[in-house]
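One structure is given here, and the rest of the page talks about it.
The values are calculated or read from the model by the stated rules, or taken from the named source; none is laboratory data. Only a predicted model underlies this, so the values are computations on that prediction, with no experimental measurement involved. Here the Cβ positions follow ideal geometry from the backbone for every residue, glycine too, while neighbour counts run over all protein chains shown. When the accessible area is computed, the model is the full protein with side chains, heavy atoms only, and any ligands, DNA or RNA have been set aside. Shrake-Rupley method; radii C 1.70, N 1.55, O 1.52, S 1.80 Å.
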Amino acid sequence: MDQQTVPTWLAQGLPHVWLPYAQMRTAPTPLPVVGAEGVRLRLADGRELIDGVSSWWTACHGYNHPHIRAAVANQMARLPHVMFGGLAHEPAFRLAARLAQLAPGDLDHVFFAESGSVSVEIALKMALQYWRNRGEARRTRFLAFRGGYHGDTFEAMAVTDPEIGMHDAWRANLHQHLFARLPRDAASRADLEHLLQEQGEHVAAAIVEPLVQGAGGMRMHDGATLRALSEACARHGVLLIADEIMTGFGRTGRMFACEEAGIVPDLLCLSKALTGGTLPLAATVARRHVFEAFLGDDAARAFMHGPTFMGNALACAAANASLDLFEGEPRLAQVAAIESQLRQELEPCRRLPGVADVRVKGAIGVVQLSEGGRAAALRPHFVERGVWLRPFGDIVYVMPPFVITPGELSRLTGVVREVLLTCLPGPAGAADDVV
Ligand SMILES: *Cc1c(COP(=O)(O)O)cnc(C)c1O
């Protein structure tokens, strides 16, 4: 973008805004977005980009959906926010009942927060207190998985695989938890069983991203792996936390990824697409037996947590409107169609030099570069060709809004093929090589 098209607000704000995951000395100037509609982002200079990231995997219905916009505008006119302690409002109570209805099994008790990382903190804290309340205070450790990512706050960092790099520098400041390989095959199942036999009595909960590990590199596993994990947890009395912050709300083809495995985790974390990508909101949903462990006459048994903006009415109105769209429009069928188109159109990338793997699950398409590939270096080439993608690590991925048309999706995958064919190996990229 040339100098005269940089809006004044961007030039004046840039020295003051600290950008995410960025080396501020070398970070490229972010692109000024002045509007968004459907799957398109409109830039200040009039260009439009087809969005293949869905704003960090949130905008499942596309941008500026009239139903969500109207619901939020209505709520804004009546009651944007009121504290959740001692006061109640309809959007949050309706949303809790709907989430309980939608979530598998007896995941019936919804605790609201404002971000995914905080919902993970809440799930971990609930798991610890569950055991304390039940008189098993020795269960203080967590079991997490290689390739997993659970957020950027401290305990979320502590259960994120240190090998994926993002939080590596913090290792000395983090609680030490157990890391295992996902139980995909006989050998890793035996390893997990062995670990739990040795240390299981000290483990409060295992935490996993079902079917697709996201920010750790878009790695995929199957339902049988999840069932093996769920059974191992049950054998050793370990709670299972499903972090469906990325996978929840249709992304893998079912409303929740756990459904594909037929498992019911003890705690479920939701955020990202919960409001259709419009407002920050998260939920930690607990099974009945978890909730009941906090009941009693003693205040010390209660869960002492309550974010200031818990259950924000605008965000809950957006989430209710998003659930209306899942009910009224064929979102899961759209995801199935996206899945088959991604398979067809990304598969040819496998034969390109510099490509190690191609994989697809639901509305997630991934091309992994060969050893040493620096995918972030490709970012400007995508923008030049009118698409918004944000490759990281060694992967280029496509996670479009579910309303994308076949033609728009072909444009995305076509640009991926073209850039991989003509722009690899990329120049050494800036240091903001994460997520
Ligand atoms: C994004 C993400 C988080 C963190 O959510 P924030 O809202 O960014 O705090 C946690 N877990 C998974 C699986 C995620 O994809």
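Expressed as an acute angle from 0 to 90° and rounded to the nearest 10, what is the orientation of the C-alpha long axis of helix 223-235 relative to the principal long axis of the chain?
The answer is roughly 20 degrees.
For the chain, just run the numbers: alpha carbon Rg, then divide by 2.2 N^0.38 Å, N being how many residues it has.
Scaled against compact globular proteins, the figure is 0.98.
In the chain, with Lys and Arg counted as +1 and Asp and Glu as -1 at Cβ, which of these residues, 276, 378, 205, has the Cα nearest the positive end of the dipole, that is, farthest along it?
Farthest towards the positive end: 378.
Take the alpha carbon gyration tensor of region 172-248, find the square roots of its eigenvalues, order them as a ≥ b ≥ c, and report rounded if a/c is under 1.5; if not, report prolate when a/b exceeds b/c, else oblate.
Because a/c hits 1.5 or more and a/b fails to exceed b/c, region 172-248 counts as oblate.
Given charges of +1 on the Cβ of Lys and Arg and -1 on the Cβ of Asp and Glu, with all other atoms neutral, how large is the dipole of the chain about its Cα centre, in debye to the nearest 20?
180 debye
So if we plug the beta-carbon distance of residue 176 and residue 29 into 1/(1 + (r/R0)^6) with R0 = 51 Å, what FRET efficiency do we get, rounded to 0.05?
Step by step, r from the Cβ atoms, then E = 0.80.
Size of the dipole of region 304-390 about the Cα centre, Lys and Arg at +1 and Asp and Glu at -1 on the beta carbon, nothing else charged, in debye to 20?
Using only the charged Cβ atoms, the result is roughly 380 debye.
With only Lys, Arg, Asp and Glu charged, each at its Cβ (+1 for the first two, -1 for the last two), find how big the charge dipole of region 240-294 is about the Cα centre; round to the nearest 20 debye.
140 debye
Taking 0.36 nm per residue of sequence separation and subtracting the Cα-Cα distance, how much length would be gained by fully extending the chain between residue 14 and residue 299, in nm to one decimal?
Extending this stretch completely gives an extra 97.8 nm.
So the label point goes 7 Å from the Cα of residue 309 along Cα→C-beta, right? Which residues of region 108-138 then have their backbone N under 15 Å from it?
112-119
Using only alpha carbon pairs under 8 Å that are at least six residues apart, calculate the relative contact order of the chain and give it in whole percent.
Here the relative contact order equals 21 percent.
Averaged per residue, what accessible area in Å² does the chain show with a 1.4 Å probe, protein chains only?
Here the per-residue accessible area is 43 Å².
Using the alpha-carbon centroid of each, what span in Å lies between region 101-127 and region 350-394?
Rounded to whole Å, the Cα centres lie 32 Å apart.
Gaussian network model of the chain, Cα springs within a sub-10 Å range: biggest mean-square fluctuation belongs to which of 98, 251, 351?
Ranking 98, 251, 351 by mean-square fluctuation puts 351 first.
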